[in-house]
């Protein structure tokens, strides 16, 4: 997970939500965004 850029991680999170992927996968991406101090909800609402 640490090899992904912030932008790619955020894109993956947005796409996972858009395509209703497994909730566990979405939570894993969200946890990594939060670990990097990136607010996933702010971006999801603007996407």
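Points worth noting:
- Each residue in 5, 39 was given a count of other beta-carbon atoms within 10 angstrom of its own, and listing them fewest first yields 5, 39.
- Mean projection area, nm², convex hull over Cα of the chain: 2.9 nm²
- Taking other C-beta atoms within 10 angstrom as a stand-in for reagent exposure, 1, 28 fall in the order 1, 28, fewest first.
- Where only DSSP H runs of four or more residues are counted, the chain gives -21500 deg cm²/dmol as its mean residue ellipticity at 222 nm, each run worth -39500 (n - 2.57).
Bear in mind these aren't lab numbers, they're just calculated from the coordinates by the rules spelled out. Note that the coordinates shown come from a computational prediction; the quantities given were computed from them, not determined experimentally. For neighbour counting, all protein chains shown are included, and Cβ atoms are generated from backbone atoms with ideal geometry for every residue, glycine included.
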